[in-house]
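Working notes for the structure below.
The values are calculated or read from the model by the stated rules, or taken from the named source; none is laboratory data. The model shown is predicted, which means the values in this text are computed figures rather than measured ones. Don't worry about glycine lacking a Cβ; one is built from the backbone with ideal geometry, like all the others, and counts go over all protein chains shown.
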Amino acid sequence: MLAPGDRRTVGDVDEVVRAVLDRPSLVSDLIGCAFDAREGVRMRAADALEKVSRIQTEPLRPFVGLLLGLFEETGQNEVRWHLAVLLPRLPLSVEERCRTVAVLERCLEAKSSLVRTFALQGLADLARQEESFAPLVLDRLRTAERTGTPAMKARSRKLLRELERRGGEADLRTGGALREV
């Protein structure tokens, strides 16, 4: 179902998402497709996994290590930008969160503006879960707001507003940890 088409087409991704949500045991097959030799299949598998994670993370939980390893190793931009927002949705250990932050930091240096923009989103999502990441993430968002591509600037402004609402003005001015007010 993920094979037809080139990298510009999404094919039957939505149908695959519905199938996995109906039968979570299919997630292992979908994970396997993320490692397929064909770029189009990998891209569509990552898209489907990311869409599944918007609705349900439990079926992906056993595959955190595999997905994180793929994120660390892949050079395919389409896979990277999907994993950048998927992984922060999953229940990660402290070590896995740190590894994810390290990969997201490397993604900020990518040639692809989309990879960099989604890396900012992933970092902000992790900062909402882990207070200790807040100073780093706020710094990256502020830098991107000043020097990034138009998409990065817009996303950074949006994320900074969201984090300000959540963390309170005082913490953000000092670069402190995010806390509920």
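The criterion of at least 2 residues that are within 23 Å of Phe35 (Cα to Cα) is met by the following helices (runs of 4 or more DSSP H) wholly inside segment 65-177: 77-86, 94-107, 113-129. If you filter segment 146-181 down to residues that are under 19 Å from the mean Cα position of the chain (by Cα) and not aliphatic (A, V, I, L, M), you find that the one that is modelled with the lowest pLDDT is Glu162. Among the residues of segment 24-43, is any under 30 Å from Ser132 (Cα atoms), outside the structural domain of Arg128 (by TED's automatic domain parsing), in contact (Cβ under 8 Å) with a residue 40 or more places away in the chain and surrounded by 14 or more Cβ atoms within 10 Å (Cβ to Cβ)? No, segment 24-43 contains no residue that is under 30 Å from Ser132 (Cα atoms), outside the structural domain of Arg128 (by TED's automatic domain parsing), in contact (Cβ under 8 Å) with a residue 40 or more places away in the chain and surrounded by 14 or more Cβ atoms within 10 Å (Cβ to Cβ). The set of residues from segment 69-86 being aliphatic (A, V, I, L, M) and in contact with a Phe, Trp or Tyr (Cβ under 6 Å, 6 or more places away or on another chain) comprises Leu83, Ala84, Val85.
Taking the stated definitions as given, is Glu50 crowded, with 18+ Cβ neighbours inside 10 Å, charged (D, E, K, R) and closer than 27 Å to Ser113 by Cα? Against the criterion (crowded, with 18+ Cβ neighbours inside 10 Å, charged (D, E, K, R) and closer than 27 Å to Ser113 by Cα), Glu50 qualifies. Of Thr74, Thr100, which residue is assigned by TED's automatic domain parsing to the domain that holds Arg54, free of Cβ contacts under 8 Å to residues at least 60 places away in the same chain and among the hydroxyl-bearing types (Ser, Thr, Tyr)? After ruling out the rest, the residue left standing is Thr74. Scanning segment 117-151 for residues that are among the aliphatic types (A, V, I, L, M) and either within 18 Å of Arg97 (Cβ to Cβ) or crowded, with 23+ Cβ neighbours inside 10 Å (or both) turns up Ala119, Leu120, Leu123, Ala124, Leu126, Ala127, Ala134, Leu136, Val137, Leu138, Leu141, Ala144.
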